[in-house]
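The values are calculated or read from the model by the stated rules, or taken from the named source; none is laboratory data. All of these numbers come straight from a predicted model, not from anything done at the bench. As a convention, Cβ positions derive from the backbone with ideal geometry for all residues, glycine included, and neighbour counts pool all protein chains shown.
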Amino acid sequence: MENILKKAIKVGEHAEVFQLSGSSTQVNFENGRLKKIDSSENFGTALRIIRGGKIGFATTTKQNDVDDLVRRAMDVVEFGGECRFELPFEECGEDVKSVPLFSERTADIPTEKMVESGLEIIRRIHGYERQIQVFCGFTVGQTEVATANSAGLKCEYKKTGAGFGVGGRLIEGKNMLTCFESRAGIDFDFDIQGLTEKVIEDFDVARKNVPAASGEYPVILTPHAVSDLLMPIIVCSNGRAVAKGISPWRGRLGEEMFDPRLTIHDDGLLENGTATAHFDDEGVVMQKTTVIEKGVLKNFIHDLDSAAALGARPTGNGLRNKRMGNIKDVAAPPAPSSTNVVMEPGDMAVDEMLKNMGDGILVDRLIGTMMSNLYGGVVGGNVLLGYKIEGGKRVGRIKDAMMSVNAFSALKDNLVALSRERIQLGSFVLPYIRLKNVNIATRG
């Protein structure tokens, strides 16, 4: 990195080097059998050269590709985007450095242990129903990230990551049902048995189809479905979308936009969060940013560029992620991206929410929501897994259903309750939400 930075500064006015290396192991089971055990390693370097107010960007996956990397960045600098920002030089404080990123348990877990756990999961689910096509998987890995720039900043961290998923598919006549659960984090500390039992319980209820007519219903969204409901808030609070005028929220900071019970943070320092780090991919120190506070729009999330465009401070959200998920990719230039999205809990237990609702719909999983008009607040998609609620209890699955809701109006005017309980789903920590007057469309 030092050699790259030294040569880049000679031909440009300013420069930044980002380097990523890592390894991972995956153990996957499909149709009740071990499908693969796969280990992989990755390495990449990204370079940004700033000259004449323009940015040249180039990447490589070769270890010693110094001269060519610098040349390619210089070749495109005159065609690059405008540089509106200054490179950071602030180092992480001790409070940030104390946030744990590395788990010895994750680093040391044997592959044999993951295989044994997978086989036990299959035995347990097949003990309930032999016809279920069981799938499950484990992922563990380590990543080292380093950033250096011509302003004198040099920082690095080492982080572990772990993931676990369990589920199955059951075909009975013309009825196909899929139930699954997944978790992810820094530490391999998953309740494998508990999540497997949850999948079995879901199968036991959902394999019975119950009719539901189209109409407006009281609805409870599980944290899985709440993550879809929050997508309009996530995209509209993105600093780049605000700066470009794509987001309708420009000029609305300080405005009360939601129910006063709604508070949402973007927390780059969340314990065991998949997006947690000490600094972002531009070297800006990570932080906890309150986006919505008691219904009021308080902040946007920024990388260096969007912060400069709007005259704001960067919030540690300049990430080089693939479009879906918190998977770092050196080929992706930094962009404002959410880290860990955390919603404050409510004051009602989930069981009480169900009991008080009486009859309604419980939506657990949605698909196709990314095709919605998110900047308009619209969240619509097929209900992959949803249940009819009668007398406060799940009585069966609703099939061939779609849900459509405007998140902005639903979370302002139709919010009934937030649960005390929250579930951490990788980069989300969310409660259950109860809404009124949600449109559910069914076939027939």
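Annotations for the structure displayed:
- Condition met for Ala312 (under 30 Å from Arg240 (Cβ atoms) and under 19 Å from the mean Cα position of the chain (by Cα)): no
- Once segment 212-265 is narrowed to residues that are in contact with a Pro (Cβ under 8 Å, 6 or more places away or on another chain) and farther than 16 Å from Ala407 by Cβ, the residue that is surrounded by the most Cβ atoms within 10 Å (Cβ to Cβ) is Gly239.
- The listed residue being loosely packed, with under 12 Cβ neighbours inside 10 Å and in contact (Cβ under 8 Å) with a residue 60 or more places away in the chain, out of Gly22, Gly44, Gly93: Gly93
- Of residues in segment 347-367 being among the acidic types (Asp, Glu) and exposed (fewer than 14 other Cβ atoms within 10 Å of the Cβ), the one farthest from the chain's Cα centre (by Cα): Asp359
- Taking segment 401-441 as the range and being assigned to a strand (DSSP E or B) and among the small types (Gly, Ala, Ser) as the test, the residues that pass are Ala401, Ser404, Ala417, Ser419, Ala441.
- Residue selection: Lys158 fails the criterion of being modelled with pLDDT under 95, charged (D, E, K, R) and more than 18 Å from the chain's Cα centre (by Cα).
- Flag for Gln193 being exposed (fewer than 15 other Cβ atoms within 10 Å of the Cβ), of a type outside the set (A, V, I, L, M, F, W, C) and touching an Asp or Glu at 6+ places or on another chain (Cβ under 8 Å): no
- Top-ranked residue in segment 174-200 [being in a strand (DSSP E or B) and among the charged types (D, E, K, R); ranked as farthest from Lys399 (Cα to Cα)]: Arg183
- Exclusive hit being touching a strand residue (DSSP E or B) at 6+ places or on another chain (Cβ under 6 Å) and closer than 30 Å to Arg48 by Cβ, set Lys158, Lys208, Lys198: Lys158
Listed here are the residues, each with its yes/no results for (1) among the aliphatic types (A, V, I, L, M); (2) in contact (Cβ under 8 Å) with a residue 12 or more places away in the chain; (3) closer than 30 Å to Asn437 by Cβ.
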site: Glu271; (1), (2), (3): no, yes, no
site: Val291; (1), (2), (3): yes, yes, yes
site: Leu304; (1), (2), (3): yes, yes, no
site: Met348; (1), (2), (3): yes, yes, yes
site: Gly368; (1), (2), (3): no, yes, yes
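- Meets criteria (more than 20 Å from the chain's Cα centre (by Cα), over 30 Å from Phe89 (Cβ atoms) and not basic (Lys, Arg)) for Asp305: no
Residues are listed down the side, and each one gets a yes or a no for (1) surrounded by fewer than 16 Cβ atoms within 10 Å (Cβ to Cβ); (2) in contact with a Pro (Cβ under 8 Å, 6 or more places away or on another chain):
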site	(1), (2)
Thr369	no, no
Asn373	yes, no
Val383	no, no
Val395	yes, no
Ala401	no, no
Arg420	yes, yes
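- Residues of segment 121-137 classified as in contact (Cβ under 8 Å) with a residue 40 or more places away in the chain and surrounded by fewer than 17 Cβ atoms within 10 Å (Cβ to Cβ), total: 5
- Those helices (runs of 4 or more DSSP H) of segment 1-103 in which 3 or more residues are under 16 Å from Cys155 (Cα atoms) and over 31 Å from the mean Cα position of the chain (by Cα) occupy 2-11.
- Residue in segment 199-211 that is more than 30 Å from Arg124 (Cα to Cα) and either surrounded by fewer than 20 Cβ atoms within 10 Å (Cβ to Cβ) or not aromatic (Phe, Trp, Tyr) (or both) present: yes
- Taken over segment 138-160, the criterion of being among the small types (Gly, Ala, Ser), buried (at least 20 other Cβ atoms within 10 Å of the Cβ) and in contact with a Phe, Trp or Tyr (Cβ under 9 Å, 6 or more places away or on another chain) is satisfied by Ala148 alone.
- Residues that are of a type in the set (Asp, Glu), farther than 30 Å from Gly273 by Cβ and surrounded by 13 or more Cβ atoms within 10 Å (Cβ to Cβ) occur at least once in segment 64-75.
- All of (1) within 20 Å of Ser237 (Cβ to Cβ); (2) surrounded by fewer than 17 Cβ atoms within 10 Å (Cβ to Cβ); (3) among the acidic types (Asp, Glu) hold for Glu344 with one exception: (2).
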